[in-house]
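Just so it is clear, none of the values below were taken in a lab; they were calculated from the coordinates. Just so it is clear, the structure is predicted and the values come from calculations on it, not from any experiment. So basically every Cβ, Gly included, is an ideal-geometry build from the backbone, and we count neighbours across all protein chains shown.
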Amino acid sequence: MSDKKPWAGRFHEPTDAFVEAFTASVGFDQRLYRQDIAGSIAHATMLARQGIIDEDERDAIVTGLEKIRDDIEQGRFEWSVALEDVHMNIEAALTRKIGEAGKKLHTGRSRNDQVATDIRLYLRDEIQELLDELRRLQHALLDLAEAEAETILPGFTHLQTAQPITFGHHLMAWFEMLDRDAERLLDCRGRMNRMPLGAAALAGTTFPIDRDYTAELLGFDAPCSNSLDAVSDRDFAIEFTSAAALLMMHLSRFSEELVIWSSAQFGFIILSDSFCTGSSIMPQKKNPDVPELIRGKSGRVFGHLFSLLTLMKAQPLAYNKDNQEDKEPLFDTIDNLKGSLKIFADMIPAIQPQREAMREAAQKGFATATDLADYLVRKGLPFRDAHEVVGKAVAFGVEQRRDLSEMTLDELRAFSPRIENDVFDILTLEGSVAARDHIGGTAPHQVRLAIGRARQRLP
Ligand code: ARG
C-alpha cells in the first residue's frame, strides 16, 4: 500500500490537495508514535491469543512495529500528509514492511478507539515527567526554606507591610500549593487510566476480543465501560489542562513575587545571572525575564483549557473529527508547563536571599503593631480598645518617623499605662515570629517541623 487511502474503496474522486493538508494531523500527532505502537502491539497480542490472527502474523506485526519505532527514532521514517495521521502512517508502513499480516492489525479496532487510547497513554507518561519536575522543585523549596527558617521577612497583605514572617515560612506556602498541584495531577491520572480500545468505531466489535487482557498489557486499570463514551470522552484532557492551568497560575504568582523581590526597590533576593537577561540600551539593567515569561505563559495555558472545553461543548455522541483539535492545546500545555517547572526547579536553588534587606524592610511599616495589641489584650484590655491604642501609637510613630520598638517606655505608656518594660521583647521581629508557635504558624520552630513533615511525605 502506497499512500492510498484506506477508504478508497468507496470513493471515486481523490481528496482535494488542500483538503488533504487541511484535515491532516500527522504534523503534530506524530509525537504519539511510541504510544501508538505500544497500543498496536498489545492489540495484536490480544488478537493472537483470542485466535483472531495467528501467531506468525502476530510475530510479524510485533517485529515490524518495533522496526518502525526504530526507524522513527533514527529519523529514517518518512511521514506522509496523504496518510493523514500517525495511525495510518504507521499502519501503512507496517504493511509495506511485512505484507498481508500488516493489513490484519486493524481487525476489531478503529482509529477512534486507537487515538483515544494513544492520548491517554501519552498523557500518563507525560504526567509522570511533570511530577518528577514538580517534586524536584518542591525539594528545592524545602532546602531553601530550611536554610531560611529564621530569616525575617515582612509579610504583606494588600502589598502593604502586615506582620513579620520568616522567609522559610513564605517559601513553604509555595510548597503547599505545589503539593496540591501534584495531588491533582495524580488524581486525574488515576481517572484517565481506563482503556478505550475495544470500543472500535463506537459500538464495539463483532470479534471475540478480550479487553481486560489488552488493558492489562498496557497497564490500564480497566477497560472503559461504555463504547460510546470511550471514543468520545475527552474529560481526562480537560481535567489535565485544568490542573495544568492551576499549576501555571501558581507559577505565575510565584514569578510575580520573584520579579518584585528582585527589584532594586525591594532587593530581597538576587536572581542568578543565568536566569536573567540585560537590556540592549540600558547598561545597568538585569531583567528577571525568566519569571516574567513564565507569568506570561500562564495565559496560553488558561486559553488551552478554554479551547478544550469549547471543543467538547456541543459535540453529539460519539466520535467527531472535532476531536482532532484536542492535541495541539494539550501538547502546548505539556511543553510549556514542563519547561516552566524545569526552569523553576533550577532557578530556586540559585536564589541569593538578601537577609539584611528583608530585615530592614520588616523593621519599617510597624510590622509588630498586632503584637502590641495582643500584648495589651494579655494585660486585660479588650482587643478593640487595644487596636485603637496601638493605632494612636502608630500614628505618633509615623509622625516621628520611628518604629514602635524605637519609642521609650514613657512614650509608649502615654498610650496605655498597662504597657511595661517587658513590651520590648514582643516588639522585636524575632519575638514576633517566635510567638506564632502553632501548626501553620511562622515561628522558625514550626517552619522546621513543617519541613520535616513535608520531607517525610514527599517521594
Ligand atoms: N486523527 C484523528 C484524530 O486525531 C484520528 C481519528 C480519526 N477518526 C476518524 N473517524 N476520522 O482524532
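Summary table
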quantity	calculated
Residue in segment 328-336 that is touching a residue at least 60 places away in the same chain (Cβ under 8 Å), among the polar types (S, T, N, Q) and closer than 30 Å to residue 415 by Cα present	no
Candidate set: segment 293-321, residues that are in a helix (DSSP H, G or I) and touching a Leu at 6+ places or on another chain (Cβ under 9 Å); chosen: the one nearest to the ligand (Cβ to nearest atom)	308
Among residues of segment 321-366, those that are surrounded by 16 or more Cβ atoms within 10 Å (Cβ to Cβ), among the acidic types (Asp, Glu) and within 30 Å of residue 391 (Cα to Cα), counted	0
Helices (runs of 4 or more DSSP H) wholly inside segment 412-459 containing at least 2 residues that are buried (at least 16 other Cβ atoms within 10 Å of the Cβ) and in contact (Cβ under 8 Å) with a residue 60 or more places away in the chain	429-435, 444-457
Residue count for segment 45-90, restricted to those that are without any contact (Cβ under 8 Å) to a residue 24 or more places away in the chain, of a type in the set (Asp, Glu) and out of contact with any Phe, Trp or Tyr (no Cβ under 8 Å at 6 or more places or on another chain)	6
Criterion violated by residue 279 - all others in (1) surrounded by 12 or more Cβ atoms within 10 Å (Cβ to Cβ); (2) under 27 Å from residue 342 (Cβ atoms) satisfied	(1)
Residues of segment 268-292 classified as touching a residue at least 60 places away in the same chain (Cβ under 8 Å) and in a loop (DSSP other than H, G, I, E, B), total	3
Which listed residue is within 16 Å of residue 88 (Cα to Cα), in contact with a helix residue (DSSP H, G or I) (Cβ under 9 Å, 6 or more places away or on another chain) and more than 16 Å from the ligand (Cβ to nearest atom), from 69, 58	69
Selected residue (criterion: nearest to the ligand (Cβ to nearest atom)) from residues of segment 79-121 that are polar (S, T, N, Q) and surrounded by fewer than 24 Cβ atoms within 10 Å (Cβ to Cβ)	112
Options 162, 173; residue that is more than 30 Å from residue 112 (Cα to Cα), out of contact with any Leu (no Cβ under 8 Å at 6 or more places or on another chain) and free of Cβ contacts under 8 Å to residues at least 60 places away in the same chain	173
Only listed residue being in contact (Cβ under 8 Å) with a residue 24 or more places away in the chain, among the small types (Gly, Ala, Ser), under 24 Å from residue 330 (Cβ atoms) and touching a Phe, Trp or Tyr at 6+ places or on another chain (Cβ under 9 Å), chosen from 21, 42	42
Residue tally, condition among the hydrophobic types (A, V, I, L, M, F, W, C), over 18 Å from residue 140 (Cα atoms) and within 29 Å of the chain's Cα centre (by Cα), over segment 433-458	1
The one condition in (1) within 24 Å of residue 330 (Cβ to Cβ); (2) among the charged types (D, E, K, R); (3) not in a helix (DSSP H, G or I) that residue 13 fails to fulfil	(1)
The lone exception for residue 186 - which of (1) surrounded by 20 or more Cβ atoms within 10 Å (Cβ to Cβ); (2) within 28 Å of the chain's Cα centre (by Cα) it fails	(1)
Some residue of segment 261-282 being within 16 Å of the ligand (Cβ to nearest atom) and either aromatic (Phe, Trp, Tyr) or closer than 30 Å to residue 161 by Cα (or both)	no
Unmet requirement for residue 324, which otherwise passes all of (1) among the polar types (S, T, N, Q); (2) free of Cβ contacts under 8 Å to residues at least 40 places away in the same chain; (3) within 16 Å of the ligand (Cβ to nearest atom)	(2)
Cβ-Cβ under 8 Å pairs, at least 6 apart or on other chains, segment 363-378 side free of Cβ contacts under 8 Å to residues at least 24 places away in the same chain, far side surrounded by fewer than 19 Cβ atoms within 10 Å (Cβ to Cβ) and not β-branched (Val, Ile, Thr)	373/383; 373/387; 377/383
Where residue 265 falls short, out of the listed (1) surrounded by 15 or more Cβ atoms within 10 Å (Cβ to Cβ); (2) part of a loop (DSSP other than H, G, I, E, B)	(1)
